[in-house]
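Structure first, commentary second.
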Amino acid sequence: MKNYHSFVQSVYQIAQDASRNGIAHLSTQDNRFNGNTITLNNTKSTNFGSCSYLGLEFDERIKNAAIDAIQKYGTQFSSSRAYVSLGLYEELEDLFRKIFRGNHVLVTPTTTLGHIAAIPVLVKDDDAVILDHQVHSSVQGAANMLKARGIHVDMIRHNNMEMLEKKIVELKSKYKNIWYMADGIYSMYGDGAPIKEIHALLDKYEQFNFYVDDAHGMSCFGENGAGFVMQQAPMHPKQVIAISLAKAFATGGAVLVFPTWEQYQLVRSCGGPMITSGPMQPGNLGAAVASAKIHLSPEIYNLQEDLNENIKFTSLMLHKYGLPVIHETDSPVFFVGVSLPKIGNQIIQKLVKQGFYVNLGVYPAVPLKNTGIRFTITRLHSFQQIEEMVKQLAFNFNETLVQEDFHINKIYNAFRMPLPEEVMADQKVKSLMAKSNLKVESYASINQIDKDEWDSFFKERGSFDWDGLQLLEQTFTKNENPIQNWEFDYLIVRDEYHKPVLATFFTTALSKDDMMSPSAISEAVEEMRKKEGETYLTSKSVLMGSMLTEGEHLYIDKSHYHWQAAMECMFDFSSQLLDLYDANSIMYRDFKNSDEKLDKFFMENGFIKTDLPDCHSIEGFSWGTTEEWLKLLSPKSRRHVRGNILKKESFYETNVVKNATQSKIEHWYELYLQVKKNSLALNTFTMPFKLFKNLANARNWEVLELSLKNDERLNKKPVAVIFNYKSGNSYSAMFIGVDYSMQADFMPYRQALYQSILRAKELGMDKLNLGFTADLEKKRLGSISNATHGYVQIKDHYNLSVIGNIAKTKRIKKAV
């Protein structure tokens, strides 16, 4: 639930920022509308945010039909359609049967309610569902209802037909029917589904079925405005279409189109909203009847042609002014990439003040670093309005990039688009790292950095002082197994007087995408990895810090007047690492204190805030005896320590081991592997034996070994080992190994933690870091639980979406 809360908080912050900037949560100030202008913030604006693509909302015939229906039947007819429907329903559905060439149609109050009525009824318990990664959230919401019934729901990358066919082949022997769910035209980027290729798969595989939401295609395309899907190919006998009447059709409501009478009757009789939800109301029904009659007349083709001319002209203008359009499209939806939310916010703020209203396409509709200016074209726009808007958009776009010192090539990289030649030429001339008067120093090894200076930044923060990082470099480079190799990159940003403003380090490595997921989810994913291979659902990540260090990895002098510019240098640096190593994500981690300014700064630069596991520490070792320490604990914790730890202490012999033999290190590694096998709370790759060999005799590392005094079964082999790091007055428990066969009788895990406390006291330390996981065990020993968070930027969300689907299955929900 922590990560879901982070998601809600991120969306809330984005929405609040947009609202404060005057580009969202707006209300019109007009007494009446006349054409495509609206008044916002006391400014007359041309509306480029409307989805009423044909402009039929102002058609007198449709308005009069709505008024006439209200005059005849009142403002509402309040009855479930399961009991009785207003007669206008029959007339409207008869007109839609003609529009959809005799196929069976069912009118619903909204597209979302239509999905909720149809999908749970059409998909049986022995069926499977495949979702397109970008299918509309209303379809995903209805599909999530299936998971409560244990129905298999999978996901493929957007419009990836090769992956779709592979999934069909994989599932067809296990399930009776396979449903693929997609949009006809996608609402953000305006690109279309490859309908003909999907129909070819429908013909090839008997069990394969297609459910498609053509909300943005209805009216704009096809014979009698039947939509984009019907324009591409005739109705397929294994295809169900959902269309919206709240966009180009201009009346509100929705229609489900079925190839068979049986499907129609099933959803009509059993679809939840068809039984328990209210119907379309008289005014909407009257308007819809009038709009349907226009669709069945030759006039619809004139309306479509007018819109098409505006779409073509818009495309020409976007090319003329050199804006990065994400998808070349024939649809009325356009998306100009800007990459970062702060850039999108500024551009739209300027446009609204200049009299043009457009939308911000931002998370969660798109990944945060794929933010863009989304706008729509309608039949009502004039060529002059379109060119004026695009011209002003281009001016604001370029001005904002200069103001933010943000090069356009970053936008093309964020959307994985090839750079235009003129951009590539300009890139060679312009220095990306020129921020104020700051100097950026980057290093590939800690050995290139002055030891005293690095330790002045990070001494006592954890195991990533100069010595600690040297050991990590020795361990995670030049290994035969590529999974065990990391890239190390160090960054120091100085001002014009050579004073350090910022310092940190990054490691780039393959990581499991379920690393931070609940154990039950990782357990399910690990079962999949047994079949698919150990790199299944893994990604290369650029991580501030490393997977083996814990603590505040960022040194930043916030009193310096250029600290934000230094942070932007760091963002540039990590983005370059992302491209250099072809990684999928960047994570800045282990921030302990809430800082609204920092949250906003990261989010404006394309990062999402995410909760991380709590970290634990014990501070203050001024107590003298064990009894004095126990008095610092709660009564419940004192009882636990006395009964489960002190009572067992006499069985143990604890030693600080130096000059360990090969066989001893091998036994330690076996103990570590037992812990790794029994804990998926932080699901990482297994650490190499080389690490433990290096730790055994490394400077600043200590190995505490716990053996049972009188147990001949073990031949005096240790039952627990804990690896601790000394840095200044800080002592960090980093790894632990435990003999689980002894856990029930002697509780070696708890004893190892307790002995680390005693050792930290003996060494005169001020602080003991106990790391992540095992929250309850550590709190009972008096540790302080520190909530931590990070900021993440992800190129491709597909793997995380797959893990999200796994998390929502009935089996995993129970386990969690």
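The values are calculated or read from the model by the stated rules, or taken from the named source; none is laboratory data. Everything quoted here is computed from the prediction, not taken from an experiment. When we count neighbours, we look across all protein chains shown, and the Cβ atoms used for this are built from the backbone with ideal geometry, even at glycine. The protein model used for the area step is the full one, side chains on, heavy atoms only, and it has no ligands, DNA or RNA in it. Shrake-Rupley method; radii C 1.70, N 1.55, O 1.52, S 1.80 Å.
Brief remarks on what is shown
- Whole-angstrom gap from region 509-525 to region 476-500, using each part's C-alpha centre: 26 Å
- Oblate is the label for region 191-329, because the ratio a/c of its alpha-carbon gyration tensor axes (a ≥ b ≥ c) is 1.5 or higher and a/b is not greater than b/c.
- A Förster radius of 56 Å, combined with the Cβ-Cβ distance separating E666 from E262, puts the computed FRET efficiency at roughly 0.25.
- Between region 610-676 and region 334-349, the Cα center-to-center distance that results, in Å: 52 Å
- From the alpha carbon centroid of region 85-116 to that of region 701-776 is 69 Å.
- Anisotropy class of region 617-789 from Cα gyration tensor, a/c 1.5 cut: rounded
- Pairwise label distance in nanometres, K439 with E387, each label 7 Å out on the Cα-Cβ vector: 5.2 nm
- 16 Å Cα-Cα reach of K717 towards aspartates and glutamates, excluding residues that sit fewer than 8 places from it in its own chain: E653, E666, E670, E705, D739
- Between 0 and 90°, nearest 10: helix 519-532 axis offset from the chain longest Cα axis: 80 degrees
- Its DSSP H runs of at least 4 residues, each contributing -39,500 (n - 2.57), put the calculated 222 nm mean residue ellipticity of the chain at -12500 deg cm²/dmol, to the nearest 500.
- Anisotropy class of region 61-295 from Cα gyration tensor, a/c 1.5 cut: prolate
- Heavy-atom accessible area per residue - the chain, 1.4 Å, Å²: 42 Å²
- For the chain, the relative contact order comes to 13 percent (Cα pairs under 8 Å, sequence separation of at least 6).
- Relative contact order of region 617-789, defined on C-alpha pairs under 8 angstrom at six or more residues apart (%): 31 percent
- ³J(HN,Hα), Karplus 6.51/-1.76/1.60, whole Hz, each residue of region 344-360, x for Gly, Pro: x, 4, 5, 4, 6, 3, 5, 4, 4, 5, 8, x, 10, 9, 9, 9, 8
- Label sites at V84 and K459, each approximated as a point 7 angstrom past Cα along Cα to Cβ, lie 8.7 nm apart.
- Projected label distance in nm at K531 and A148, using a 7 Å step from Cα toward the beta-carbon: 2.7 nm
- Summarising the strand pairing of the chain, around 75 percent of its internal DSSP beta bridges are antiparallel.
- Cross-link table K238/K369; K648/K677; K167/K196; K167/K238, entries beyond 29 Å C-alpha to C-alpha: K238/K369
- Förster radius 35 Å - calculated FRET efficiency between C270 and H25 (Cβ-Cβ, nearest 0.05): 0.35
- For the peptides 648-660, 291-303, the ranking by packing is 291-303, 648-660, with the highest mean count of neighbouring Cβ atoms within 10 Å listed first.
- Couplings 3J(HN,Hα) for region 386-397, derived from phi with the Karplus relation 6.51 cos²θ - 1.76 cosθ + 1.60 (θ = phi - 60°), are 5, 5, 4, 5, 5, 4, 5, 4, 5, 5, 5, 4 Hz, where x marks Gly and Pro.
- Pairs spanning more than 31 Å between alpha-carbon atoms, out of K558/K690; K658/K778; K320/K600; K597/K676: K558/K690; K320/K600; K597/K676.
- Rolling a 1.4 Å probe across all protein chains gives Y443 an accessible area of roughly 60 Å².
- When each of the peptides 493-499, 792-798 is scored by the mean number of other C-beta atoms lying within 10 Å of its residues, the order from highest to lowest reads 792-798, 493-499.
- Here's how it looks for S45: its modeled amide H is under 5 Å from those of I38, T39, L40, which are all 5 or more places away or on a different chain.
- Estimated FRET transfer efficiency (K540, K176; beta-carbon r; R0 60 Å; 0.05): 0.95
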